[in-house]
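Below: the structure, in structure tokens.
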Amino acid sequence: MEHIHLETKNLSFTYPDGTQALKNVNLQIRKGEKIAIMGPNGAGKSTLFSHFNGLTEPTSGHVEVDGEKIVFERDQLLKVRQKVGIVFQDPNDQLFAPTVKEDVAFGPMNLGLEYEEVERRIKESLEMVGMAGFEEKTPHHLSGGQQKRVAIAGIVAMRPEIMILDEPTAGLDPEGVDKVLHILNKLNDEGISIVISSHDIEMVNEFADKIFVLYNGEIIAQGNKQQIFSDRELLKKAHLKAPVTTEILYKLKENGMDVDTEKLSIEETVAEILKNKKD
Ligand code: ADP
Ligand code: MG
């Protein structure tokens with residue numbers, strides 16, 4: 001029995017100016033999955049994410065968390081927002097307190113937890129993201145990567161079951177990207193379902209189990225990495241690029257080499273080429 005953690009049913013959303021940002025989106029996320037929502041700028045990724053914990057009310061259709069429809073009433077929304085934590089793309093939209101510590105404390109304090117428990121969670125979540133020791137720093141004085149990790153800590157401190165991260169690696173240097181991916185994998189190992197949005201195919205190749213392709217407000221494809229990355233027409237339509245490994249294998253195949261174009265990691269790709277060399 002697979003537990004459906006988060007689901008949208010015929011979700012559509014139109015902004016007040018008439019922009020139809022989501023069109024009949026149906027997706028299911030199972031417990032413990034690592035999901036990437038891929039799509040170019042303007043596809044509707046951020047709009048979709050703002051529906052996942054009831055920040056935005058659908059124009060039609062609805063969202064379900066653990067099989068329960070999100071109802072737009074205060075108490076219900078508080079429960080949903082504890083279960084589904086969102087990390088915004090821009091840390092400036094998230095970090096506002098004068099110190100890192102106060103920022104991370106904000107969520108747990110709003111849950112009405114006791115002082116000792118709040119302290120414990122601050123310590124635990126800053127350690128989890130590798131930011132212990134920065135408690136008294138001003139968030140605005142941190143690097144982009146550090147701000148991102150503090151923003152993640154603030155959500156981790158709420159102990160969510162599902163974490164939604166909007167373009168979590170955008171603008172980070174390679175080491176920053178690796179650090180964020182490492183944190184997300186650790187959280188996932190603890191059983192938290194993770195949903196990210198991105199148009200960075202190499203990062204998604206490294207991270208995700210499953211991909212949904214969002215284009216012009218619609219889910220135009222879903223599948224595992226092999227299925228999505230080997231569908232070059234789909235990628236072209238969605239203004240995405242295949243990973244470099246896939247491109248290399250396709251070029252070799254076009255040049256008459258008998259390679260499997262669905263290999264994704266660098267190791268697998270190299271093995272595929274070497275195997276051919278021997279034949
Ligand atoms: P993405 O995150 O994939 O880049 P968005 O969800 O931000 O896409 O935007 C989806 C569409 O909705 C785009 O056409 C965008 O211009 C439009 N949009 C986003 N925010 C607003 C808004 N506040 N008012 C009107 N249109 C908006
Ligand atoms: Mg966006």
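All of the numbers you see were taken from the coordinates with simple rules; none came from a lab. This one's a predicted model, so the numbers in the text were calculated from it and none came from an experiment. FYI the Cβ positions are ideal-geometry reconstructions off the backbone, even for glycines, and counts take in every protein chain you see.
Averaging the sequence gap over all C-alpha pairs within less than 8 Å and six or more residues apart, then dividing by the number of residues, gives region 1-124 a relative contact order of 22 percent.
Region 162-210 and region 104-130 have Cα centres spaced 22 Å apart.
Rounded to the nearest whole Hz, the Karplus-based 3J(HN,Hα) values (6.51 cos²θ - 1.76 cosθ + 1.60, θ = phi - 60°) of region 182-199 follow the sequence 4, 4, 5, 5, 4, 4, 5, 4, 7, x, 7, 6, 10, 10, 10, 10, 5, 10, with x at glycine and proline.
Ile273 versus Thr19, label points 7 Å from Cα toward the beta carbon: distance in nm? About 4.2 nm separates the two model spin labels. In this label model, His62 and Asn255 are separated by 5.7 nm, measuring between points 7 Å along each Cα→Cβ vector. Cα centroids of region 144-160 and region 1-42: 23 Å apart. Rounded to the nearest 5, the antiparallel percentage of DSSP beta bridges internal to the chain is 50%.
In plain terms, if you count all Cα to Cα distances in region 4-226 and split them into 5 Å steps from zero, the share in each step is 1, 7, 15, 19, 20, 17, 12, 7, 2, 0 percent.
Size descriptors for region 123-279 (Cα atoms only): Rg and Dmax, in that order, 18.6, 61 Å. Relative contact order of the chain, taken over Cα pairs closer than 8 Å and 6 or more residues apart, is 22 percent. Here the Karplus curve 6.51 cos²θ - 1.76 cosθ + 1.60, taken at θ = phi - 60°, turns the phi angles of region 115-121 into couplings of 3, 4, 5, 4, 4, 4, 5 Hz, with x standing for Gly and Pro.
Excluding same-chain neighbours fewer than eight residues apart, the aspartates and glutamates reachable from Lys186 by a Cα-Cα span under 17 Å are Glu33, Glu124, Glu127, Glu161, Glu175, Asp178, Glu206, Asp209.
How much length is gained if the chain between Leu78 and Thr99 is pulled fully straight, taking 0.36 nm per residue apart and subtracting their Cα-Cα distance, in nm to one decimal?
Details: separation 21, 0.36 × 21 = 7.56 nm, distance 2.47 nm.
5.1 nm is the gain from fully extending Leu78 to Thr99.
Each Lys and Arg contributes +1 and each Asp and Glu -1, all at the Cβ; summed about the Cα centre of the chain, the dipole is approximately 480 debye. Label positions at Lys237 and Thr138, each projected 7 Å from the Cα along the C-beta direction, are separated by 5.0 nm.
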